[in-house]
1. List pairs: first in the range 167-180 and closer than 15 Å to ALA253 by Cα, second among the aromatic types (Phe, Trp, Tyr), Cβ under 6 Å, 6+ apart or cross-chain?
2. Condition first: basic (Lys, Arg) and outside any helix (DSSP H, G or I). Now tell me which residues in the range 208-232 satisfy that.
3. Identify all residues within the range 294-320 that are within 29 Å of the chain's Cα centre (by Cα) and in a helix (DSSP H, G or I); write none if there are none.
4. Counting only residues that are under 20 Å from the mean Cα position of the chain (by Cα) and of a type in the set (D, E, K, R), which one in the range 329-377 is surrounded by the fewest Cβ atoms within 10 Å (Cβ to Cβ)?
5. So is VAL34 at pLDDT 95 or above, touching a Ser or Thr at 6+ places or on another chain (Cβ under 8 Å) and surrounded by fewer than 22 Cβ atoms within 10 Å (Cβ to Cβ) or not?
6. Would you kindly identify the helices (runs of 4 or more DSSP H) lying entirely within the range 340-455 that contain at least 1 residues that are closer than 30 Å to ALA279 by Cβ and in contact with a Leu (Cβ under 6 Å, 6 or more places away or on another chain)?
7. Would it be correct to say that ALA215 is modelled with pLDDT under 95 and either aliphatic (A, V, I, L, M) or touching a helix residue (DSSP H, G or I) at 6+ places or on another chain (Cβ under 9 Å) (or both)?
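The values are calculated or read from the model by the stated rules, or taken from the named source; none is laboratory data. In this text, all values refer to a predicted model and were calculated from it rather than measured experimentally. We place every Cβ from the backbone using ideal geometry, glycine too, and count neighbours over all the protein chains shown. These area figures cover heavy atoms from the full protein model, side chains too; ligands, DNA and RNA do not enter into them. Shrake-Rupley method; radii C 1.70, N 1.55, O 1.52, S 1.80 Å.
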Amino acid sequence: MRALFRALFSLILRIFFRRTEVSGAEHVPRHGPVIFVLNHPNGLIDPAFLLCLAPRRVSFLAKAPLFRMPVIGFFCRAFEAIPVHRRQDAGSDPSQNRETFDAARAVLERGGDGGGGGGGAIAIFPEGTSHSEPKLKPLKTGAARIALGAAPAGADAPPLRIVPAGLYYRVKRTFRTVALLYFGDSFAVAPVPLAPGEEPPVEPVRELTARIERALAAVTLQAEQAEAHALVERAQRLLAAQDEAPALPPSLADEFSLRRRLLAGYDAVRARWPERFAALAARIDRYEAALAAAGIDPRQLAPASYRPARIARYVAKALLFFFLLLPAALAGVVLHYPAYRAVGFVATGVAKGAEDELASIKVLAAMLLFPVTWVGLGVVVGVRWGLERGALALVAAPLTGYAALMFFERLDRVIGAARALGLFVLRRWAFLRLQAERKGIREDILALGRDLGLA
């Protein structure tokens, strides 16, 4: 059952996100007890990523109210999650967390990942709650207390290791964006001798919590203000654009690494050279405004992309793609548009502006409304034209939805390319000016990095 649900959630993530990547999987021990610690920016999407993409079988610690929800509670139990009783949750008794810690330590000591070597894997969000803050919230001590209480003391026993995992979403609430699961270097937890039922001493718990915080900071994007993330995002897009269109897009791990380097220089530049910082930020804003007015992406400012032979190949491939997918895509739009609009309406109403919950609600609403749409079509066709055709309609319905998704994503890219081509052909001076401005901003950013010793 767990394998079936894991496959289902993997499919859902594949549909919701245009691209997902895993980096640093070599840092995850294949055997022995492991605790994954993660940041928590995106509600229920976060645990789904680790459950589907981690190289180990994982049991999550999840807040107790989730277990009382009709659908979510079912999935929590199916994935063998362990309830955490938080003081702020209505109906929760924090004194029950002794049982939570005992259950978590039992998984770590007993195993159950099928890999041998003794010891299983659990995962925990040490911040305690999902949020949209620009940096990590102060960590709770639960991860450290569990780790110190479960670390094996035997000479032959494999050490318990903590693996920090960073979740990076380019735009976390948006459908068909990209996401990265980034594993950092693991570290062993030194055992602390404890009597049965005894809690670890305060000082080792504090030290281990601080070490977990440092490890998590190394695999996440941290800033004092949300404005820093917004400016760095624009700078990263600008730096990633090339004069020659690459055969493959850069990896999300490279994108994440570039954003970390830019954030590292943000505060230093702002403090040491405020005038240079303000001038560069204003220049980036003007450049982004000019791109938005032209309706193009900085990646489309590559003159080599507009050679006649390359344009002809691009147009031929696009026309063939549209010709083949048009009938299925039109059927998919007609069938799925009501449910698509309903998902957006429900998610916006329920989330009430909570950005970290929006994607979760969209996924849950889609999991309900789209299958209802498919079943409804199958029933109508079956009653009208027979069971065999009804079954065929039920199978074909989700395929038409996927065809519509691919069709309009490709159409959006083609429209953007057409705008860029029009600018290149009809207003070459404007195209070259944008390209020169991008190059100038890039040189300014690199010069600041050299002055800081970061380049």
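1. Close Cβ pairs satisfying both conditions: TYR168/PHE256; ALA179/PHE17; ALA179/TYR169; LEU180/TYR168; LEU180/PHE256.
2. Residues of the range 208-232 basic (Lys, Arg): 211, 214.
Answer for the range 208-232, where residues must be basic (Lys, Arg) and outside any helix (DSSP H, G or I): there is none.
3. Residues of the range 294-320 that are within 29 Å of the chain's Cα centre (by Cα), as a first pass: 295-302.
If the condition is that a residue be within 29 Å of the chain's Cα centre (by Cα) and in a helix (DSSP H, G or I), then PRO298, ARG299, GLN300 are the ones that fit.
4. Across the range 329-377, the extreme among qualifying residues is GLU355.
5. Values: at pLDDT 95 or above: yes; touching a Ser or Thr at 6+ places or on another chain (Cβ under 8 Å): yes; surrounded by fewer than 22 Cβ atoms within 10 Å (Cβ to Cβ): no.
So VAL34 does not fit the description; no.
6. On the way: elements: 355-385, 387-426, 428-452.
So the answer is 428-452.
7. Working: modelled with pLDDT under 95: no; either aliphatic (A, V, I, L, M) or touching a helix residue (DSSP H, G or I) at 6+ places or on another chain (Cβ under 9 Å) (or both): yes.
When the stated conditions are applied, ALA215 does not pass them.
Yes/no matrix, rows are residues, columns are (1) within 15 Å of the chain's Cα centre (by Cα); (2) buried (at least 20 other Cβ atoms within 10 Å of the Cβ); (3) not aliphatic (A, V, I, L, M):
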| position | (1), (2), (3) |
| --- | --- |
| MET1 | no, no, no |
| ILE12 | yes, no, no |
| PRO70 | no, no, yes |
| ASP102 | no, no, yes |
| VAL107 | no, yes, no |
